[in-house]
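Quick notes on the structure that follows.
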Amino acid sequence: MRNSLERTKIILVEPLGPVNLGSVARLCANFGISELRLVAPRCNPQDPEAIRMSVKGKKILEMAKQYPSLLEAVADCNRVVATCGRIDHGDIPLHSVEETIQWFVEPSNHHESAFVFGREDRGLTNEELLLAQKVITIQTTSTYPSLNLSHAVAIVLHEVNRLDQNQLHSHNQSHYVQTAASPKQLNDCLEDAEALLLEVGFLLEHTSSARMAKIKTLLQRAEIRPEEVSLIRGILRQVKWAINQ
């Protein structure tokens with residue numbers, strides 16, 4: 001069985017501090033993650049402080065890929081987990097670290113996976129959270145719930161590694177793996193759906209974003225597969241064709 005972290009990417013959205021960035025690169029080396037992705041970083045990944053803190057993760061830091069948006073950073077990932085420490089996350093369901101990682105470490109030999117961590121000062125937006133199949137929150141004391149970025153990464157990776165080791169010693173594993181649609185596949189489908197639903201009057205301009213967010217949450221929770229996304233897009237195309245005849 002392949003370790004779940006071997007094909008897992010760590011994605012940091014707009015990282016602000018070079019010390020945190022270097023520390024996360026070091027954690028990647030600690031837990032066998034070879035790919036670090038940065039979305040519009042607000043600090044220089046080659047800052048001397050970042051390099052100093054990366055220690056044996058220096059190569060990972062040097063090779064870190066940069067993307068202009070989170071959607072582009074997760075475009076090739078079928079299994080995406082985002083983190084949230086905010087209380088104003090709308091209707092997006094939050095899951096515990098343990099239950100989500102149990103799902104994450106299921107046999108996943110052909111999955112490209114990612115953990116997404118938000119900005120140090122304000123986390124991920126609700127729109128960004130909706131790109132993930134699962135959103136986790138780390139339980140802390142209510143008097144001071146905010147965690148340092150690198151500490152949050154360490155907690156999550158430790159739990160993945162721990163549960164991975166348990167599964168490696170288990171003899172009762174399912175060999176069936178469901179490949180979820182990537183965030184980009186789902187996003188493209190929902191853009192088509194929104195345009196059609198606006199055209200037929202089911203959606204209104206001023207409420208369309210909120211209603212489509214609910215639909216996206218539903219489909220993410222169902223872990224919709226690529227072939228199911230293709231089916232929905234085919235239905236949308238046929239409906240649009242019929243309307244125009």
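Are any residues in the stretch 185-244 among the basic types (Lys, Arg) and part of a helix (DSSP H, G or I), and if so, which ones? Listed by number, the residues that qualify are Arg211, Lys214, Lys216, Arg221, Arg233, Arg237, Lys240.
Somewhere in the stretch 17-38, is a residue of a type in the set (Val, Ile, Thr), part of a strand (DSSP E or B) and touching a residue at least 12 places away in the same chain (Cβ under 8 Å)? No - not one qualifying residue is present in the stretch 17-38.
Among residues of the stretch 87-108 being surrounded by fewer than 16 Cβ atoms within 10 Å (Cβ to Cβ) and over 18 Å from Leu157 (Cα atoms), the one that is modelled with the highest pLDDT is Pro93. Checking each residue in the stretch 193-211 for being among the charged types (D, E, K, R) and under 22 Å from Ile92 (Cα atoms) picks out Glu194, Glu205, Arg211.
Just to be sure, is Asp76 assigned to a loop (DSSP other than H, G, I, E, B) and either over 23 Å from Arg211 (Cα atoms) or among the hydrophobic types (A, V, I, L, M, F, W, C) (or both)? Please lay out each step first, then the result.
Working: assigned to a loop (DSSP other than H, G, I, E, B): yes; either over 23 Å from Arg211 (Cα atoms) or among the hydrophobic types (A, V, I, L, M, F, W, C) (or both): yes.
So Asp76 fits the description; yes.
Can we say Ser69 is out of contact with any helix residue (DSSP H, G or I) (no Cβ under 6 Å at 6 or more places or on another chain) and either surrounded by fewer than 23 Cβ atoms within 10 Å (Cβ to Cβ) or outside the structural domain of Ile215 (by TED's automatic domain parsing) (or both)?
Numbers: out of contact with any helix residue (DSSP H, G or I) (no Cβ under 6 Å at 6 or more places or on another chain): yes; either surrounded by fewer than 23 Cβ atoms within 10 Å (Cβ to Cβ) or outside the structural domain of Ile215 (by TED's automatic domain parsing) (or both): yes.
For Ser69, the condition - out of contact with any helix residue (DSSP H, G or I) (no Cβ under 6 Å at 6 or more places or on another chain) and either surrounded by fewer than 23 Cβ atoms within 10 Å (Cβ to Cβ) or outside the structural domain of Ile215 (by TED's automatic domain parsing) (or both) - is met.
In this entry, Val81 passes the filter for residues that are in contact with a helix residue (DSSP H, G or I) (Cβ under 9 Å, 6 or more places away or on another chain), in the same structural domain as Ile138 (by TED's automatic domain parsing) and surrounded by 15 or more Cβ atoms within 10 Å (Cβ to Cβ).
The values are calculated or read from the model by the stated rules, or taken from the named source; none is laboratory data. The structure displayed is predicted, hence computed values, not measured ones. We place every Cβ from the backbone using ideal geometry, glycine too, and count neighbours over all the protein chains shown.
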